[in-house]
1. Based only on Cα atoms, what Rg/Rh ratio does region 130-187 have, Rh being taken as Kirkwood's radius?
2. State the answer as a single residue: which of ASN99, PHE159, VAL198 lies farthest towards the positive end of the charge dipole of region 94-201, with beta carbon charges of +1 for Lys and Arg and -1 for Asp and Glu, about the Cα centre.
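Since every read-out is calculated from the coordinates, none of them should be taken as a lab result. Because the structure is a prediction, the values reported are computed rather than measured. Glycine gets a Cβ as well: all are built from the backbone with ideal geometry, and neighbour counts include every protein chain shown.
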Amino acid sequence: MDTVEPEPHWPPALALLSCMVLYFVLPNRLVVGPRWILPLLIGLPLIPLLAKRHRHPNEAPWVRQLTIALIALISVANLVSVALLVHVLLIANVSQGRNLIYSAVSVWLTNVIVYGLWFWEIDRGGPHLRAGGAGRLPDIQFPQMENPTLAPAKWRPKFFDYLYTSFANGTSFAPADAMPLTHQAKVLFAGESLVSLVTIAVVAARAVNILK
């Protein structure tokens, strides 16, 4: 088995912490239940997750299960915030358009981060399998994989590569940097594009009109 450099925990952990901060800045009408519940559910499991510096092929199954559960939790919370934001803009009596623009930016940034985490966790079965050089076919094709001469030997995508792919997909509403190859990757790419489209084209545009 072709072992490669293991992936550190801190980049995705920093991304999760960023999601916590972005959730805190949302106005109360875009949050369901007490504001502290979601950050607490995200923050507490980060302690054992950060106990080890890297993701390894022999890591306990609960590490990946917990990571996926955290990503899914943030995804659901952000979808709820998007739905509430659309409701406030289209149905409720809105007067504070500037605050809603800031909220739309926060929701969009969370969307980019959370889908970067999804891409990082599903490609080839997760970072722990990629660190072991497992032979599973890729879910996402990066330019360096198609043209190996453009990258160092034994190049493997790291978290920032997935985060940038999420940013490119979230701004163009279509794959721009890397291409989804499997059904689950295509579903994730389509889901991110849909949320970005609603946030940018509907929410942000309506909020700009409110400012006039």
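1. Values: Rg = 11.8 Å, Rh = 12.3 Å.
My calculation of the ratio gives 0.96.
2. Result: PHE159.
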